[in-house]
Amino acid sequence: MTHYFTDNWENVQNFQARPDDILIATYPKAGTTWVSCILDLLYFGQKSPERQTSIPIYDRVPFLEIKIPTVHSGTDLAENLPTSPRLIKTHFPVQFVPKSFWEQNCKIVYVARNAKDNVVSFFHFDRMNMVEPEPGDWSSYLNRFMEGKMVFGSWYDHVNGWWKKKQTHSKLHYMFYEDLIEDTGRELDKLCCFLGLSPSAEEKKRITSGVQFDNMKKNDMANYSTLPVMDFKISPFMRKGKVGDWKNHFTVAQNEQFDEDYKKKMKDSTLQFRTEI
Ligand code: PPS
């Protein structure tokens, strides 16, 4: 962890969730913003459409554990959300989630992305985001990822910890970035089923179109261009939005080493990821 995510620890851990809060949990760069926009449109797209054009996604869906000087903390933003439900984002591994979310039996949507594309996306994010540690060169970054020495810890522990939680917590919907890429409409249907929502076919079409990569990339309220800590000249937040970009980064040797290490780390897991579709 870095101090931006621990400075507000007590307030975060004592955060009072409400029964209808919805927590969006992910390892960084797994599709948080995409699913946040989908949920925001599902709940508020018709009721208050002006939200989509006037409030950046990071204010509509506060990042619970963040505390950056001169900006409202995630807990302040979440506590002051006027909406019902409140949509709240976290990158915490499952064991750090404030206990009130479990006590209130809140719905949780977890999104996971295959490790190879996830690490590539994280690398470019660390290059352009001033509150992230300097990533260094790609090769050493990849080694650090394998060792789990990342902000928010090990990807392997994160996806497996949440997967294990899903076996006992029925209000946890576990999604995959690759499935969303393959068929956004199908995943939207599954999400609606989990949330108990039944939007019209027309509304669903509006949502899937609104959250297409190209539309989100040009939408200033979704693409993070309004947040000064990011330097889009280095790399945009909405970078590629693809499955398989890892092939443009991994050398053959890095890929072999990664696969071997992956097999060991994931040998007890039933989780299956797709690195291409
Ligand atoms: S963060 O900072 O952790 O909240 O980032 P997160 O939103 O989880 O992940 C950012 C990556 O998701 C891609 N993205 C999308 N892909 C496809 N379609 C849509 N609509 C979409 N929205 C965001 C974004 O481009 C980042 O992935 P990369 O591979 O870097 O492009």
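The values are calculated or read from the model by the stated rules, or taken from the named source; none is laboratory data. Note that this is a predicted model, so its numbers are computed, not measured. Here Cβ is always computed from backbone atoms with ideal geometry, including for glycine, and neighbour counts include all displayed protein chains. Just so you know, the surface numbers come from the protein's heavy atoms only, side chains and all, with ligands and any DNA or RNA stripped out. Shrake-Rupley method; radii C 1.70, N 1.55, O 1.52, S 1.80 Å.
Going through the cross-link list LYS99/LYS204; LYS107/LYS263; LYS164/LYS205; LYS204/LYS263; LYS242/LYS263; LYS99/LYS264, which pairs have a Cα-Cα distance over 30 Å in this structure?
LYS99/LYS204; LYS107/LYS263; LYS164/LYS205; LYS204/LYS263; LYS99/LYS264
Among rounded, prolate and oblate, which fits region 120-277 when a ≥ b ≥ c are the square roots of the eigenvalues of its C-alpha gyration tensor, a/c under 1.5 means rounded, and a/b larger than b/c means prolate?
Details: a/c = 1.89, a/b = 1.20, b/c = 1.58.
The shape class here is oblate.
Can you give the helix-only mean residue ellipticity at 222 nm for the chain, where every DSSP H stretch with n ≥ 4 adds -39500 (n - 2.57) and the sum goes over all residues, rounded to the nearest 500 deg cm²/dmol?
That comes out to -12500 deg cm²/dmol.
How many percent of the accessible area of the chain is carbon or sulfur, using a 1.4 Å probe?
Carbon plus sulfur share of accessible area: 51 percent.
May I ask you to derive the relative contact order of region 1-148, considering only C-alpha pairs under 8 Å and at least 6 residues apart, and to give it as an integer percent?
Relative contact order comes out at 36 percent.
If you project the alpha carbons of the chain onto the principal axes, what extent comes out on each, in Å, largest first?
Here the spans come out as 52, 43, 42 Å, largest first.
Over region 128-257, what is the mean sequence separation of C-alpha contacts under 8 Å (at least six apart), divided by residue count, expressed as relative contact order in percent?
27
In whole Hz, what ³J(HN,Hα) sequence does region 24-35 give by Karplus (6.51, -1.76, 1.60; θ = phi - 60°), x for Gly and Pro?
Here the 3J(HN,Hα) series is 9, 10, 7, 6, x, 6, 9, x, 4, 5, 4, 6 Hz.
Taking H placed 1.01 Å from N in the peptide plane, check which residues at least 5 places from MET175 or on another chain put their amide H under 5 Å from its amide H.
Close amide H contacts, sequence-distant or interchain: TYR110, VAL111, ALA112.
Which cross-chain or sequence-distant (5 or more) residues have an amide H under 5 Å from the amide H of ILE24, H modelled 1.01 Å from N in plane?
HN-HN under 5 Å from ILE24: ILE88, LYS89, THR90, VAL109.
Starting at the first residue of region 157-166, write each ³J(HN,Hα) from the Karplus equation 6.51 cos²θ - 1.76 cosθ + 1.60 with θ = phi - 60°, in whole Hz, x for Gly and Pro.
Karplus-based 3J(HN,Hα) across region 157-166 equals 5, 5, 5, 6, x, 6, 5, 5, 4, 4 Hz.
Ordered by packing density, taken as the mean number of other Cβ atoms within 10 Å over each peptide's residues, highest first, how do 103-110, 12-19 rank?
Sorting 103-110, 12-19 by mean packing, highest first, produces 103-110, 12-19.
Order of 225-231, 188-194 by packing, highest average Cβ count within 10 Å first?
Order by mean packing, descending: 188-194, 225-231.
Report the relative contact order of the chain, percent, no decimals, based on alpha-carbon pairs under 8 angstrom and at least 6 residues apart.
Working: 362 pairs, mean separation 67.8, N = 277.
The value is 24 percent.
Cross-link candidates for LYS149: which lysines have Cα within less than 17 Å, leaving aside residues fewer than 8 places away along the same chain?
Within the straight-line cut-off, LYS149 pairs with LYS29, LYS116, LYS265.
Assign one of three labels to region 1-148, namely rounded, prolate or oblate, based on the Cα gyration tensor with a ≥ b ≥ c the square roots of its eigenvalues; rounded applies when a/c is under 1.5, prolate when it is not and a/b is larger than b/c, and oblate otherwise.
Values: a/c = 1.72, a/b = 1.49, b/c = 1.16.
Judged from the Cα gyration tensor, region 1-148 comes out prolate (a/c at least 1.5, a/b above b/c).
Looking only at Cα atoms, what is the convex hull volume of region 219-269 per residue, in Å³? Walk me through the numbers on the way to the answer.
Details: hull volume 7.4 nm³, N = 51.
Measuring per residue, one finds 145 Å³ for the Cα hull of region 219-269.
In Å², and per residue, what accessible area does the chain have when probed at 1.4 Å with the other protein chains present?
46
Helix 115-128: angle to the longest alpha-carbon principal axis of the chain, degrees 0 to 90, nearest 10?
Compared with the principal axis, the helix lies near 80 degrees.
Mind checking the angle between helix 201-210 and the chain's longest principal axis? C-alpha axes, 0 to 90 degrees, to the nearest 10.
Its long axis makes an angle of about 50 degrees.
Could you sort the peptides 20-27, 68-75 by per-residue average Cβ neighbour count (10 Å cutoff), highest mean leading?
So the order, starting with the most tightly packed, is 20-27, 68-75.
Please give the Cα centre distance for region 211-274 versus region 35-65, rounded to the nearest Å.
23
Looking at the chain only, what percent of DSSP beta bridges run antiparallel? Nearest 5 please. Before the final figure, lay out each step's value.
Numbers: 1 of 16 bridges.
Antiparallel: roughly 5 percent of the beta bridges in the chain.
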